1. Can you tell me how many residues in the stretch 103-123 are touching a Leu at 6+ places or on another chain (Cβ under 9 Å), among the hydrophobic types (A, V, I, L, M, F, W, C) and either in a helix (DSSP H, G or I) or farther than 19 Å from residue 42 by Cα (or both)?
2. Tell me the residue from 268, 249, 256 that is at pLDDT 85 or above and farther than 22 Å from residue 18 by Cα, please.
3. Give all pairs with beta carbons closer than 7 Å in which a residue from the stretch 78-104 that is in contact (Cβ under 8 Å) with a residue 60 or more places away in the chain meets a residue that is hydrophobic (A, V, I, L, M, F, W, C); count only pairs at least 6 apart in sequence or on separate chains.
4. So which helices (runs of 4 or more DSSP H) are wholly in the stretch 1-49 and hold at least 1 residues that are crowded, with 18+ Cβ neighbours inside 10 Å and without any contact (Cβ under 8 Å) to a residue 40 or more places away in the chain?
5. Within the stretch 274-285, can one find any residue that is open to solvent by 50 Å² or more (accessible area, probe 1.4 Å) and not polar (S, T, N, Q)?
6. Quick one: count up the residues across the stretch 430-469 that are touching a His at 6+ places or on another chain (Cβ under 6 Å) and buried (at least 23 other Cβ atoms within 10 Å of the Cβ).
7. Tell me, which residue of the stretch 132-146 that is touching a residue at least 40 places away in the same chain (Cβ under 8 Å) and in a helix (DSSP H, G or I) is farthest from residue 37 (Cα to Cα)?
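The values are calculated or read from the model by the stated rules, or taken from the named source; none is laboratory data. On a predicted model such as this, the values are computed, not experimentally measured, just so you know. Cβ sites come from the backbone with ideal geometry, for glycine too, and all protein chains shown count toward neighbours. The accessibility values were calculated without ligands, DNA or RNA, using every heavy atom of the protein model including side chains. Shrake-Rupley method; radii C 1.70, N 1.55, O 1.52, S 1.80 Å.
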Amino acid sequence: NGVVIGLLIAATGSALFWPAATLAPSSALIAAGDISNVQALARKLDGPKDPVSVFVSGQLSEPTRQLLAKGANADAPALKAALAQDLTRVVDGAAIYSEQRFAEVKLNPTTVELMAKNPEGTALVRLNRSLLEDAYPGGVNKHLAPFWLFLTALFVVGLGFAMLQIAANPYVTILGPEKTASSRLNLAQGFNSIGTTIGPLIGGYLIFQYFAKTGAHGAESVKVPYLAFCIIFLVLAAAFFFIRLPHVGEGHVEPGAGALKYPHVVLGVIAIFMYVGGEVSVGSSIINFLGQKSVAGLSEVDASKYVSIYWGGLMIGRFMGSVMLSEMRAARKQLLLVVIPLLAWLLLWVAKSAPLDALHNGAAGSLFSLWWDEFAGNWPAFKIYLPFVGLCWLLFQFGRSIAARTLVIFSLTVVALLLTAILVGGKVAMWCVVAVGLFTSIGWSNTFSLALEGTGIYKSQVSSLLVMAILGGALLPPLQGKIADLTHNLQLSFIVPLVAYAYVAFYGWKGHCIGRGKAVD
């Protein structure tokens, strides 16, 4: 039931993208509600002195001029409606920008970015509106209804995914013995990582290239992809509703907050908070970090490629963890520990290097050559990353297929990598940060399974608490950013994820054992 409800909530959130995208183009036009301080705007346009107001005043209709002439005695609602109608005509017309006209206006960076694209059509309407917003701050307000609707849609989708996590994670752990729960969770998280690696590439292509070429407005290009998500979620919900998964639980779900009486659960919630906060802090700062001259001096486009390596490392490590923490024969484990990273790396670069644009344009004949050229160009990065994969294999051997031991070893390795990145600059710091993804991979699954152990009928409660702890991903990255701003040193700010992973290492060493005597038989 939890899985079905989660999928239905996610489908609802995906469906909300359609009205949000439909509303977005019209938000470039000016409505009466967008004019807040109508008297101040009226004073600027009646007897204008600045170049922008002189231009805009010349575009106003005669009825609007008559209302402006009445000054304070003007009917405010009528004046708002009249100004909105005339300003909309200005916005919907030819380009209003000229360097002389807007010389005294402080332009917003977003406006400057729009100007640089030399826009036409709907994009020009957006630019004209943005220029008026900058010229009359407080007079012409931004129309944020589509923005809030998009945020609402994302929030609802997030609620659905949280529900799925709460339902699926404990179910995966109880599908077999607790000893191998980490293996099953790592396997599930590995497929999760495939989605997070390939999904953005396909989604980005569809939204920013395929549907954008049809002439769709930027926001409108999300309509079809998210409608497809909605349909997929509904189909999956129907499948889970009718298939009926086998019940393998304890036969009773305990209400209340009794799970908090277990110290290892409370400490596990903190560990998940720290783990997700550290993982997101590193992943979200890679582009800025690699852009620093003291590190690699890469452009945003080039640095973004290494973000794929970071998240791809999680995929590699999780599949390796699912094998190493399982009970399969030793010989098969060692074989798969070699094959998995090679296949995962191949999947990552094949997906990343795929010339989708050439395929869309019908250039299928050159598809393989384009693909191979891009793949070959990534070979130097593969050679540098390969020793880290070898180290990952070695650390799994030291872990001896024990979830807690492996968590300690991998978390301490992340601490060492981050400490190196703080103390050393250049390419060494760059690859240390990128490699964190590989060694943080098993953190979620191992911590989750250790916190769930021995909680019996409280498993659902524990799962809910652990999923809520992903709040760390929302709180620790801003803290890291604040430290970087205060110290003017992004390298030093990595102390935040370093401390977070140090705590996760503590949980794997001692924290998961504290108070375990209270666990339910």
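1. Within the stretch 103-123, residues that are touching a Leu at 6+ places or on another chain (Cβ under 9 Å), among the hydrophobic types (A, V, I, L, M, F, W, C) and either in a helix (DSSP H, G or I) or farther than 19 Å from residue 42 by Cα (or both) number 4.
2. Working: 249 fails: at pLDDT 85 or above; 256 fails: at pLDDT 85 or above.
The conditions single out 268.
3. 91/28; 91/29; 91/30; 91/125; 91/132; 92/29; 92/125
4. Details: elements: 2-15, 17-26, 38-45.
By residue number, 38-45.
5. If we filter the stretch 274-285 for residues that are open to solvent by 50 Å² or more (accessible area, probe 1.4 Å), which is where we start, we get 284.
Checking the rest, the ones that are also not polar (S, T, N, Q) come to none.
No.
6. If we filter the stretch 430-469 for residues that are touching a His at 6+ places or on another chain (Cβ under 6 Å), which is where we start, we get 450, 457.
Next cut, buried (at least 23 other Cβ atoms within 10 Å of the Cβ) only: 450.
The number of residues fulfilling the criteria is 1.
7. By that ranking, first place goes to 146.
One line per residue, one yes/no per condition, for (1) over 24 Å from residue 78 (Cβ atoms); (2) of a type in the set (A, V, I, L, M):
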site	(1), (2)
4	yes, yes
10	yes, yes
16	yes, yes
29	no, yes
37	no, no
41	no, yes
49	yes, no
53	no, no
